[in-house]
């Protein structure tokens with residue numbers, strides 16, 4: 001019971017880390033870089049990917065083709081307002097976003113940020129472990145051995161998830177450092 005609940009929470013923490021890592025710039029164009037952008041479309045804030053098709057061209061440019069041509073100006077403005085470091089170019093039919101090449105210093109800074117994301121995720125995993133162990137200790141129906149065994153299972157689960165986080169951070173860091 002406690003094991004399954006802890007595992008669900010740890011899975012959610014891993015998914016959250018993956019979402020954050022997908023937003024990290026690597027010097028190559030990736031449509032997930034624009035996932036956080038919402039456009040004011042007919043009076044409602046709408047995610048960019050719901051009002052336009054996004055595609056990567058030549059690995060250095062994202063092309064945004066709106067389903068409604070009237071949304072071009074709104075998309076352009078939304079990207080400017082998002083302040084994500086990209087300059088959109090509106091050519092009248094599509095919006096192009098060029099992804100500039102990263103310098104070595106910028107790449108190293110991004111790797112540090114990726115490592116911070118990993119550490120934050122590890123803290124979340126450890127907090128889940130702490131809460132599960134606390135709940136197990138409070139359980140009146142468990143014998144001392146059952147408490148010990150459950151806490152060991154939770155620790156093994158924690159170790160596995162921390163290892164997953166380290167692998168993901170290592171892979172993303174390598175991707176960022178690759179020119």
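Mean residue ellipticity, 222 nm, helices only, the chain: the sum of -39500 (n - 2.57) across DSSP H runs of n ≥ 4, divided by residue count and rounded to 500, is -20500 deg cm²/dmol.
Measuring r between the beta carbons of residue 40 and residue 143 and using R0 = 41 Å, the FRET efficiency lands at 0.10.
Inverting the pair-averaged 1/r between distinct Cα atoms of the range 73-179 gives 17.8 Å as its Kirkwood hydrodynamic radius. Taking 0.36 nm per residue of separation and subtracting the Cα-Cα distance, full extension of the segment from residue 134 to residue 5 would add 45.1 nm.
Residue ranges 124-133, 8-17 sort as 124-133, 8-17 when ordered by packing (mean number of other C-beta atoms within 10 Å per residue, highest first).
Evaluating kT/(6 pi eta Rh) at 10 °C and 1.306 mPa s, with the Kirkwood radius of the range 31-98 over Cα pairs in the Stokes-Einstein relation, gives 136 µm² s⁻¹.
Kindly identify the range 1-50 as rounded, prolate or oblate by the Cα gyration tensor criterion: order the square roots of the eigenvalues as a ≥ b ≥ c, call it rounded if a/c is under 1.5, otherwise compare a/b with b/c, prolate if a/b is larger, else oblate. Oblate is the answer for the range 1-50, as a/c is 1.5 or above yet b/c matches or exceeds a/b. Just to be sure I understand: with springs between alpha-carbon atoms less than 10 Å apart, which residue in 83, 141, 35 has the highest mean-square fluctuation in the Gaussian network model of the chain? Maximum fluctuation in the GNM of the chain, among the listed residues, is at 141.
Within the range 55-131, the ratio Rg/Rh, alpha carbon atoms throughout and Rh by Kirkwood, equals 1.18. Each label was represented as a point 7 Å from its Cα along the Cα-to-Cβ direction; for residue 103 and residue 60 these points are 1.8 nm apart. If you run the Gaussian network model on the chain, springs between alpha carbon atoms under 10 Å, then out of 92, 59, 43 the most flexible one is 43. Projected onto its three principal axes, the C-alpha set of the chain covers 71, 41, 21 Å, listed from the longest axis down. Distance between the pseudo-spin-label points of residue 112 and residue 89 (7 Å out from Cα toward the beta carbon): 3.2 nm.
Rule-based calculations on the coordinates, nothing more; no lab input. Quick caveat, the model's predicted, so the values are computed rather than measured. Cβ coordinates were reconstructed from backbone atoms using ideal geometry, including for glycine residues, and neighbour counts include every protein chain displayed.
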